[in-house]
Amino acid sequence: MLSEKLKNYNIILASKSPRRQRFFKEMDIDFSIQLKETEEKYPDTLHGVQITDYLAELKAAAFEDLADNDLLITSDTIVWQDGKAIEKPKDAVDAFRMLKLFSGSMHSVITSVTFTGKYFQKTINDTTKVWFNELTDEEINYYIKTYQPFDKAGSYGIQEWLGHVGVCKIEGSFFNVMGLPTHLVYKTLLNIAKK
C-alpha cells in the first residue's frame, strides 16, 4: 500500500540498524539505504526528546544534495532514566551497569524520526515506558554473553531473551522500544504522500 502511494518519492533510509531496515520492508516501503557518518554529540542543555530530535535532524544535515523527489529518513533512539540519557554500551561492563540500573525499575525509550525533502523537514517522536522485574547478576551476565547487545541503546532488545523474561510492563509502542514508532512513521508517510 505505502509503496504505491509513495511511488513518486525516492525513499532513502539513513540507518544501519537491521531492525529499522526490517520494519521498512515489513511496512511495504520501497527504499534504499545510504549512510553518512555523523558524530552523535549534542549540547548538554538538551533533555529527553530534545536529544533524539536534535540527533535525528543532525544525521539529516549530513545529506546536502537531495533531489526534488528524494525523501530522506533519519532517526535516533535513547533510553532515558532519572534525568539522564543512556545510549549504546561501550563494552560488557558498561552493558552490565546499564541493565543493573533498569532492574526493578522503569525507564523510558525515546525515538525521533526526521523526514527530509529538498524543500521541507518534519520531525516526529514517541516515548514508551518500560518496567523491568528484578534481574539477577547471573541473568544479566547470561544475556550480555549470549546476545552481545552492544549495538542497542540501553544494552537490550525487548524482542530478545531479556525482554521475554525481564520486561513486566510497557506503556506505549512496543516497536518504538525496538527503535521505530512504526505507527507514527506510517501515518506521517501517508500525509507526505497526499501533498
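The values are calculated or read from the model by the stated rules, or taken from the named source; none is laboratory data. Note that the coordinates shown come from a computational prediction; the quantities given were computed from them, not determined experimentally. Using ideal geometry, Cβ is built from the backbone for each residue, glycine included, and neighbour counts are taken over all protein chains shown.
Within region 81-115, restricting attention to residues that are of a type outside the set (A, V, I, L, M) and part of a strand (DSSP E or B), the residue that is surrounded by the most Cβ atoms within 10 Å (Cβ to Cβ) is T111. In the set (1) hydrophobic (A, V, I, L, M, F, W, C); (2) at pLDDT 95 or above; (3) part of a helix (DSSP H, G or I); (4) closer than 26 Å to A62 by Cβ, I140 fails one condition alone, (4). Number of residues in region 116-148 that are surrounded by 20 or more Cβ atoms within 10 Å (Cβ to Cβ) and closer than 17 Å to N176 by Cβ: the value is 5. Take the residues in region 65-80 that are free of Cβ contacts under 8 Å to residues at least 60 places away in the same chain and not in a loop (DSSP other than H, G, I, E, B), then tell me which one is surrounded by the most Cβ atoms within 10 Å (Cβ to Cβ). Here the answer is D76.
Do we find a residue being modelled with pLDDT of 95 or more, touching a helix residue (DSSP H, G or I) at 6+ places or on another chain (Cβ under 6 Å), closer than 22 Å to I86 by Cβ and aliphatic (A, V, I, L, M) anywhere in region 169-185? Yes - at least one qualifying residue is present in region 169-185. Residue count for region 126-137 under the criterion of being part of a loop (DSSP other than H, G, I, E, B) and over 11 Å from L162 (Cα atoms): the result is 2. Keeping to region 149-173, report how many residues are exposed (fewer than 15 other Cβ atoms within 10 Å of the Cβ), out of contact with any Asp or Glu (no Cβ under 8 Å at 6 or more places or on another chain) and not in a helix (DSSP H, G or I). Residues meeting the conditions: 5. L13 meets each of the listed conditions (1) at pLDDT 95 or above; (2) surrounded by 12 or more Cβ atoms within 10 Å (Cβ to Cβ); (3) over 14 Å from T182 (Cβ atoms) apart from (3).
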